[in-house]
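*Asks:* Structure below; questions to follow.
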Amino acid sequence: MSSASTRSPVADRVFRTLSEAVLSGRYRVGEKLPTQRALAAELGVNMTSVREAVKRLEQLGLLQVRQGDAMRVNDWRATGGLDVIAHVLFAADGREHSALADLMEARRLMLAGAARFAAERRSDEQAARLTDLARRMPDAADARAAQALDFAFFAELVDAAGNVVLGLVMNSIRRIYFDNAGLFEAVVGNRERLAPLYRRAARAVARREPAAAERAVAELASVQEQALLEVLP
């Protein structure tokens, strides 16, 4: 059974409250948090729920917890990993637009680089799958089907690049993408415009043209990035 499925709903609520306080700057970097006993009393929960929440915050790099010392707030930009981005995206202090812009910019740069590697390293089977996924995009039944095809296309591209770190990054992006599918619908909103860009990227990879593949994917990801940011309030 996964750890997510065994978490206490109360601990989840405590985690969300504290992570939002840290990410929003309500607790400043280096600041001591109240003791776990004080937090439990303040939030009206038991100590077990607070301990579980604090452990998750420590694992994310948001808190530093030392035996016999107070809990202190870390600079999450220096200590956090990619898993933090999902919490930053939906913090309640209005940073969603900025965080999404950063995420989409990083996505574009990563995928363009992966396309260059894919054109150099892909197998014939991977090239065929990319071509097939690109061909199917215009016929997607709805936005969710198009999103599934879009992610499958880029996951195949990253797999063809043969870089395990890029693959692990894609795993983290997958969770953000599908857990918040409604937010990302605009990424595949104009399928008529996007369809030839998928085909161009797939064709460049199939022809083993690294520079052309990189340019094609950079353009595709850029169009998606602009479409998403334009619909944000």
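The values are calculated or read from the model by the stated rules, or taken from the named source; none is laboratory data. Everything numeric here is computed off the predicted structure, so don't read it as measured data. For neighbour counting, all protein chains shown are included, and Cβ atoms are generated from backbone atoms with ideal geometry for every residue, glycine included. Remember, those area values only see protein heavy atoms, side chains included, never the ligands or the DNA or RNA. Shrake-Rupley method; radii C 1.70, N 1.55, O 1.52, S 1.80 Å.
*Asks:* Rounded to a whole number, what % of the accessible area of the chain do carbon and sulfur atoms account for, probe 1.4 Å?
*Replies:* 50
*Asks:* Can you give the relative contact order of region 91-233 as a percent, counting alpha carbon pairs under 8 Å and 6+ residues apart?
*Replies:* On the way: 177 pairs, mean separation 55.6, N = 143.
Over region 91-233, the number comes to 39 percent.
*Asks:* Further question on the same structure: Short version: ³J(HN,Hα) in whole Hz for each residue of region 189-195, in order, from phi by Karplus 6.51 cos²θ - 1.76 cosθ + 1.60 (θ = phi - 60°), x for Gly and Pro, what are they?
*Replies:* x, 9, 5, 5, 6, 6, 3
*Asks:* Right, another one. Can you run the Rg to Rh ratio on the chain? Use alpha carbon positions and the Kirkwood inverse-distance Rh.
*Replies:* Using Cα coordinates only, the ratio equals 1.07.
*Asks:* A further question on this structure: May I ask for the distance between the Cα centers of region 202-233 and region 10-45, given as a whole number of Å?
*Replies:* For region 202-233 versus region 10-45, the Cα centre distance is 41 Å.
*Asks:* Further question: So for region 118-233, what percent of the C-alpha to C-alpha distances run longer than 22 Å?
*Replies:* Beyond 22 Å sits 29 percent of the P(r) for region 118-233.
*Asks:* Oh, and also: Rounded to the nearest 10 Å², what accessible area does residue 142 show when all protein chains are kept and the probe is 1.4 Å?
*Replies:* Number for this one is 80 Å².
*Asks:* If you project the alpha carbons of region 100-180 onto the principal axes, what extent comes out on each, in Å, largest first?
*Replies:* Here the Cα extents, ordered largest to smallest, are 32, 30, 17 Å.
*Asks:* Just add up the charged neighbours of residue 110: K/R +1, D/E -1, any other residue whose Cβ is under 14 Å from the Cβ of residue 110.
*Replies:* Here the count lands on -1.
*Asks:* Using a 7 Å offset from the Cα along the Cα-to-Cβ direction at both residue 12 and residue 139, what is the distance between the two label points in nm, to one decimal?
*Replies:* Distance between the two pseudo-spin positions: 3.9 nm.
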